[in-house]
1. I'm checking my understanding of the structure. Among residues of region A:221-250 that are within 21 Å of B:LYS175 (Cα to Cα), part of a helix (DSSP H, G or I) and of a type in the set (A, V, I, L, M), which one is farthest from the other protein chains (Cβ to nearest Cβ)?
2. Residues in region A:49-72: is at least one buried (at least 16 other Cβ atoms within 10 Å of the Cβ), touching a helix residue (DSSP H, G or I) at 6+ places or on another chain (Cβ under 8 Å), on the phi > 0 side of the Ramachandran plot and without any contact (Cβ under 8 Å) to a residue 40 or more places away in the chain?
3. Let me confirm something: among A:ASP256, A:ASP171, which residue is within 11 Å of chain B (Cβ to nearest Cβ), surrounded by fewer than 21 Cβ atoms within 10 Å (Cβ to Cβ) and not in a helix (DSSP H, G or I)?
4. Would you pick out the residues in region A:193-207 that are within 12 Å of another protein chain (Cβ to nearest Cβ), more than 16 Å from A:ALA235 (Cα to Cα) and part of a helix (DSSP H, G or I)?
Amino acid sequence: MGEAAKTVIFEIERRNSTDENSYWEKFELPYRANMNVISALMEIRRNPVNMDGKKTTPVNWDMNCLEEVCGACSMVINGKARQSCTALVDQLEQPIRLQPMKTFPVVRDLIVDRSRMFDSLKKVKAWVPIDGTHDLGEGPRMPERKRQWAYELSKCMTCGVCLEACPNVNDKSDFIGAAPLSQVRLMNAHPTGSMNRDERLNAIMGEGGLADCGNSQNCVESCPKGIPLTTSIAALNRDTNIQMFRNFFGSDHMVD
Amino acid sequence: MDNNREFLMRRLHSLLGVIPIGLFLTQHLIVNHFATQGVEAFNQAAHFMANLPFVIFLEIFVIYLPLMYHAFYGLYIAFTAKNNPGHYSYMRNILFVAQRYTGIFLVVFIAWHVFETRFQVAIGAAEADFNMMENILSNPFMFAFYVLGVLSATFHLANGLWSFFVTWGITVSEKAQRYSTYFTLLVFIVLSIIGIRALFAFV
């Protein structure tokens with residue numbers, strides 16, 4: 001009360017398009033109680049004037065649900081990849097530095113193109129194939145406790161934070177990262193999905209697959225949904241090792 | 001993605017690191033430990049090892065070939081990582097970086113170590129005995145180099161053993177991996193004590 005108005009300072013790494021060089025721009029905004037990074041970005045959009053008092057273009061970013069379930073608003077905040085909707089200004093050291101997740105192609109400012117993750121999900125066949133020419137009827141039942149366990153894995157929102165944090169996902173390697181791998185474990189755990197488990201295991205035994213994991217475990221530390229990604233990776237290590245022997249020697253148990 | 005050559009190469013890299021290289025390193029450090037019992041005991045042990053039947057084949061198939069594969073493929077692995085321990089300073093990530101740095105250092109150290117000892121013996125310029133090591137380690141820089149080499153090797157083995165257990169699907173759960181961390185820490189401490197004690201016995 002009666003003090004000089006509190007402000008919040010942001011430093012944002014910006015660029016106009018994928019191929020252009022990045023530049024830093026600073027913004028100073030009036031502090032409001034409980035503000036998060038997104039509400040600050042909205043304030044910049046409302047009044048795009050940088051710290052030098054010059055009018056500038058509004059900062060572009062991606063967002064959707066604003067409650068950490070959609071995965072769209074991931075960015076690097078003070079060096080760490082996370083969701084900007086749950087990044088509370090009160091808990092961040094200032095100046096708050098915002099950067100795009102440069103593991104992905106940067107579209108503009110803080111917007112990245114996460115297409116490679118969706119391509120990876122296609123490569124590893126992260127779905128349960130049930131389409132056919134006739135009704136296949138009900139599938140096998142899933143035990144309730146297993147469903148609850150699998151639910152934790154299904155929380156993945158393809159936000160890309162695990163890929164950004166991973167030292168082995170970079171331009172020198174085609175590692176697909178933890179998220180699509182964990183989806184293989186989820187789909188293989190499903191009673192109907194397991195009917196194609198060998199196809200998924202063989203897919204992640206290919207280039208850029210499971211073998212590229214170096215166990216830095218940054219993924220599990222960074223995952224905003226708390227998904228046990230490294231447990232998934234270790235479980236898949238076990239499964240793919242067995243699959244490797246089955247492929248070599250042949251087996252009656254490719255899918256069960 | 002059906003080409004699984006990389007998968008097989010990574011599995012082989014992990015396997016060879018423990019069997020036979022890890023076993024050989026353990027054996028090597030234990031035999032070196034004879035130095036703590038005096039010149040005679042060390043020379044006798046060194047003589048026994050150097051005169052094992054088929055020793056050249058043992059060396060080629062248990063040491064040289066696996067070690068070279070592990071070293072060269074390991075360099076490729078080390079240089080494809082983009083280390084980020086600054087912002088993501090979690091224990092496992094720091095160990096991940098340390099595994100790569102010790103690996104690179106060990107390629108240099110082991111190359112020098114083999115040249116200075118086994119290669120000199122092979123060309124008849126020296127004999128593998130207590131005196132040889134005493135001469136080498138009397139130089140304080142060399143002594144420091146060897147201490148660093150031994151510690152890098154024991155660390156690289158212990159931490160590599162931890163990821164061996166993960167890679168082969170032995171430790172899956174978070175708890176299993178935590179206990180495995182304690183176990184491999186013990187391996188590091190025990191092997192380091194054995195290795196360093198032997199080094200000090202030469203000076």
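1. A:LEU229
2. Yes: region A:49-72 contains one or more residues that are buried (at least 16 other Cβ atoms within 10 Å of the Cβ), touching a helix residue (DSSP H, G or I) at 6+ places or on another chain (Cβ under 8 Å), on the phi > 0 side of the Ramachandran plot and without any contact (Cβ under 8 Å) to a residue 40 or more places away in the chain.
3. A:ASP171
4. If the condition is that a residue be within 12 Å of another protein chain (Cβ to nearest Cβ), more than 16 Å from A:ALA235 (Cα to Cα) and part of a helix (DSSP H, G or I), then A:GLU199 is the only one that fits.
Bear in mind that the values in this text are calculations on the coordinates, not laboratory data. Here the structure is a predicted model, which is why all the values come from computation and not from measurement. Neighbour counts run over all protein chains shown; Cβ positions are idealised from the backbone, glycine included.
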